1. I'd like to check which helices (runs of 4 or more DSSP H) are fully inside region 92-189 and have at least 1 residues that are at pLDDT below 80, aliphatic (A, V, I, L, M) and closer than 18 Å to F39 by Cβ.
2. Is it fair to say L40 is surrounded by 15 or more Cβ atoms within 10 Å (Cβ to Cβ) and either touching a Pro at 6+ places or on another chain (Cβ under 8 Å) or at pLDDT 85 or above (or both)?
Amino acid sequence: MIQDFLIPFVTIAVAEIGDKTQLAMMAMAARHRHTTQIFLGAIAASAIVDGSAVVLGSYISRYIPKVPVAVAAAVIFMAFGIYTLLRKEEEKKPRLLSKRSVLIAAFVLFFVSEFGDKSQFAALLFGTQYNLLLALFGALAGIAAVLVIMLSIGKYVSKHLSEKTIRLLSGLLFIGIGLFTLLRALGGV
């Protein structure tokens with residue numbers, strides 16, 4: 001049962017470290033002092049985007065046999081891992097925002113960036129495999145943990161973690177979770 005929280009938490013946290021959404025939040029924190037508003041806006045957006053994905057995944061798992069869903073989830077996780085290892089991400093610079101709009105801007109930026117992102121699909125897949133509430137809390141806690149780190153470190157985090165290292169860890173984690181999910185679906189674990 002603890003794995004229902006820990007696997008989504010660790011996977012989402014590692015995947016989010018180098019994600020464009022988190023980098024955008026880090027850049028906002030480097031430009032604005034209102035990190036609490038950035039955090040609240042981002043978490044609210046994450047609760048909607050990733051929370052709905054976990055719920056949808058749980059719903060799907062009730063009406064479709066578990067083995068095909070688990071095999072599909074495993075393949076998707078491994079594909080995300082391979083995609084993460086092979087993809088080169090372009091760096092985008094967020095525009096300057098007024099102090100009043102930081103919370104709204106963080107919400108909108110996070111919502112738009114996270115919608116359709118690999119962590120949203122991962123959250124959906126976790127909803128098919130694990131306890132709904134634990135997977136939801138694990139995914140949101142993973143995002144929140146990384147968000148706190150990114151906001152705290154701000155513009156200095158990119159000097160300490162190379163994009164290549166982050167991509168490697170994230171990609172390997174997705175492949176590992178995919179393999180674990182596949183073995184579990186086929187009765188090997």
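1. Details: elements: 102-114, 118-129, 132-153, 157-160, 163-185.
Per the criteria, 102-114, 132-153, 157-160.
2. Working: surrounded by 15 or more Cβ atoms within 10 Å (Cβ to Cβ): yes; either touching a Pro at 6+ places or on another chain (Cβ under 8 Å) or at pLDDT 85 or above (or both): yes.
Taking the combined requirement at face value, the residue satisfies it.
The values are calculated or read from the model by the stated rules, or taken from the named source; none is laboratory data. Remember, it's a predicted structure, so these values are computed and weren't measured experimentally. Neighbour counts are summed over all protein chains in view; Cβ atoms, including those assigned to glycine, are modelled from backbone coordinates with ideal geometry.
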